[in-house]
Amino acid sequence: MIDIKYLREHPDAVRASQKGRGEDVTIVDKVLAIDEIRRAALDKFETLRAEQNLLSKSVGAAKGDEKAALLENAKELAAQVKDADSKRAEVEEQAKQLIMQLSNILDPDAPIGTEADFVVIEHVGTPRTFDFEPKDHVELGKLLGAIDTERGAKVAGSRSYYLTGVGAMLEFALVNYAIASANKAGFTPVIPPVLVNPAAMEGTGFLGQAAENVYHLEKDDVYLVGTSEVPLAAMHMDEVLPADKLPIRYAGYSSCFRREAGTYGKDTRGIIRVHQFDKVEMFSFCHPDQAKEEHKRLLQWEKEFLNAMEIPYRVIDVASGDLGSSANRKFDIEAWIPTQNAYREVTSTSNCTEFQARRLNIRFKDADGTKAVATLNGTLVAIPRMIVAILENHQNTDGTINVPVALQPFLGMTRFELV
C-alpha cells in the first residue's frame, strides 16, 4: 500500500497517478476523508484511556463514599473506553480496505497510456531472414517429439500440453542455466511453495485487478500462485531485515498457474498462453534509495539471458495503464517470433518500491529508524515462451533445431534431430 503520510502531503500526485493508470481517482478523497475519521476516533480512544488511567490511580488512594463514587465513574468510563476502542478498530479496518484499493504511485518516467502506448527502449539483434518458409513451434514440436498439445488437451483441457523428449530436456537445460547464472550473480536459489494463504496473495497485490486469473482452492482457502514472486515476497512477511544484508536476492523456481481469464480466442495455438508453466523468477529486497538502480540490474540480467539464447529482442517501457497495481514501473523484453512476424513478451521486471512491503509488513532497520524495504521482481526465464522463441529462431529447413551454445553443455548436443 502507499504511505498515508505521502498521501496526506501529496494528494494531487496520487490523483495524477490513479488517472495515469486509468483507475478510480475518487478513492483518494475517500481515503483522506476516512483517515480524518480514523485519527479522530484514535484521539478519542486515547483521551478516554488516559482518563481511565488517572481515575484508576485516584480510586486506589480514595476511601469510603468517595471511593464508591469513583468506582461507579470508573465503571461508566470503562464502558466508554470499550466503545471507543471498538469504533476505532472498525474505522481503522475501513481505512485499510480503502487505501488497499489504491495502486502504487507511478514512476514519473513511466509512459502514460494504455497497453499500446509502450515506449521501445532498444532493439537487440536482427531478426533472421529465412531462405525457406519457417515452421511454427507447434509443427516443430511435433517433428521433434518435443511438444504434445493434443494429449495435453485430452488430459487437462485447453491451454495444456506435454513436454516430451528433447522438449523436457530443453526445460531442464533452461532452468539449470538460469539458476547457475542467478547463483553466479549473487541470488540464493529457492524452491518455494506454490500454495499460499490469502495474506501472501493479498499482500503482493494479486487479489485486486489480477484476481480473475488466480486459482483459489476454497475448501482449504489457499491459492495457486501465478508467479513465485508471491511466495518469495511473503517469505519475509512480518520481519525486520538487517540493513547491512541488503539487497537480499532470491531466484525462485516454481510451477505457475493462471486462469487466462479474458483471453478467449487469443493465442489458442501452441504453448504461448497456457494455464500451467514453469518459471525462474528473480526477487530482490533492497533499500528504497537503491530500487531504481536495482531495477536496471534486473533488466540487465534478463538481457544477458536472452543474449545467451541468441534470440533477437526488444526492450519496452510498459505504459501506465498496463502496469500491475504493485508496480510503479515495468520493463518487458519481447523476443522475435518469426512465424508471427512480431515481438512477444518473454520476460519482464517490475519495481514495486515499498508498496508490497507495507502490505506484508517487511521492514529494515538502520540509523534513521525502521522503514519499509523496496521489493523488485524479474522473470529470468518463463519456460514455454522461451522454448517457442528458441525453436522458431534456430530452426533449419528440415525442422531440426540448432541448440544455442550456452545450452549445449546442459544438453550434451548441438542440434535437436527429428524423431
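Quick notes on this one:
- Checked against the criterion of being in a strand (DSSP E or B), more than 26 Å from F364 (Cα to Cα) and of a type outside the set (S, T, N, Q), the candidates F277, F283 yield just one match: F277.
- Contact map, segment 219-248: residues that are more than 21 Å from R259 (Cα to Cα) paired with residues that are buried (at least 19 other Cβ atoms within 10 Å of the Cβ) and polar (S, T, N, Q), Cβ distance under 6 Å, separation 6+ or inter-chain. Pairs shown: A233/T204; A233/Q356; A233/T375; P247/S284.
- E139, sole failed condition from (1) within 30 Å of E304 (Cα to Cα); (2) at pLDDT below 95; (3) of a type in the set (D, E): (2)
- Filtered residues of segment 108-120 (kept if out of contact with any helix residue (DSSP H, G or I) (no Cβ under 8 Å at 6 or more places or on another chain) and either farther than 22 Å from Y313 by Cβ or not in a helix (DSSP H, G or I) (or both)): P108, D109, V119, V120
- Qualifying residue in segment 135-156 (condition: farther than 30 Å from K330 by Cα, within 27 Å of the chain's Cα centre (by Cα) and not assigned by TED's automatic domain parsing to the domain that holds A50): yes
- For Y6, the criteria (1) free of Cβ contacts under 8 Å to residues at least 40 places away in the same chain; (2) exposed (fewer than 14 other Cβ atoms within 10 Å of the Cβ) hold in every case but one, which is (1).
- Restricting attention to segment 280-337, the residues that are of a type in the set (D, E) and modelled with pLDDT under 95 total 0.
- Which listed residue, of I121, I112, is touching a strand residue (DSSP E or B) at 6+ places or on another chain (Cβ under 6 Å) and of a type outside the set (F, W, Y): I121
- Among the candidates V120, V81, V59, residue that is at pLDDT 85 or above, of a type in the set (A, V, I, L, M, F, W, C) and not assigned by TED's automatic domain parsing to the domain that holds E310: V81
- A residue that is over 21 Å from A251 (Cα atoms) and free of Cβ contacts under 8 Å to residues at least 24 places away in the same chain cannot be found anywhere in segment 184-193.
- Restricting the first member to segment 394-418 and to residues that are in a strand (DSSP E or B) and surrounded by fewer than 19 Cβ atoms within 10 Å (Cβ to Cβ), and the second to residues that are among the charged types (D, E, K, R) and modelled with pLDDT of 95 or more, the beta-carbon pairs closer than 7 Å and six or more apart or on different chains are N402/R415.
- For beta carbons closer than 6 Å, sequence separation of 6+ or different chains, a first residue in segment 273-288 that is closer than 19 Å to C352 by Cβ and a second that is small (G, A, S) and in a loop (DSSP other than H, G, I, E, B), the qualifying pairs are E281/S228.
- When restricted to residues that are assigned to a loop (DSSP other than H, G, I, E, B) and either over 23 Å from E293 (Cβ atoms) or in contact with a Gly (Cβ under 9 Å, 6 or more places away or on another chain) (or both), segment 307-357 contains 11.
Per-residue answers, yes or no, for (1) surrounded by 20 or more Cβ atoms within 10 Å (Cβ to Cβ); (2) in contact (Cβ under 8 Å) with a residue 40 or more places away in the chain; (3) basic (K, R):
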{"residue": "S326", "(1), (2), (3)": "yes, yes, no"}
{"residue": "E334", "(1), (2), (3)": "yes, no, no"}
{"residue": "T339", "(1), (2), (3)": "no, yes, no"}
{"residue": "R344", "(1), (2), (3)": "no, yes, yes"}
{"residue": "T353", "(1), (2), (3)": "yes, yes, no"}
{"residue": "N361", "(1), (2), (3)": "no, yes, no"}
{"residue": "T370", "(1), (2), (3)": "no, yes, no"}
{"residue": "L380", "(1), (2), (3)": "yes, yes, no"}
{"residue": "I390", "(1), (2), (3)": "yes, yes, no"}
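- Tallying residues that are touching an Asp or Glu at 6+ places or on another chain (Cβ under 7 Å) and under 19 Å from I2 (Cα atoms) within segment 201-228 yields 1.
- From N351, N307, residue being of a type outside the set (K, R), more than 17 Å from E392 (Cβ to Cβ), over 23 Å from the mean Cα position of the chain (by Cα) and in the same structural domain as F130 (by TED's automatic domain parsing): N307
- Filtering V274, V240 for residues that are of a type outside the set (S, T, N, Q), under 25 Å from Q209 (Cβ atoms), over 18 Å from the mean Cα position of the chain (by Cα) and at pLDDT 95 or above leaves a single hit, V274.
- G20 among the small types (G, A, S) and either within 26 Å of I4 (Cα to Cα) or modelled with pLDDT of 90 or more (or both): yes
Quick grid of which residues meet (1) buried (at least 16 other Cβ atoms within 10 Å of the Cβ); (2) more than 18 Å from L298 (Cβ to Cβ); (3) touching a Leu at 6+ places or on another chain (Cβ under 6 Å):
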residue	(1), (2), (3)
A210	yes, yes, no
Y223	yes, yes, no
S228	yes, no, no
D238	no, yes, no
R249	yes, no, no
F257	yes, yes, yes
T263	no, yes, no
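- In segment 77-104, the residues that are outside any helix (DSSP H, G or I) and farther than 30 Å from E304 by Cβ: M100, Q101, L102, S103
The values are calculated or read from the model by the stated rules, or taken from the named source; none is laboratory data. Computed from a prediction, not measured in an experiment: that's the story for all the values here. Quick reminder, even Gly has a Cβ in these numbers, built from the backbone with ideal geometry, and neighbours come from all protein chains shown.
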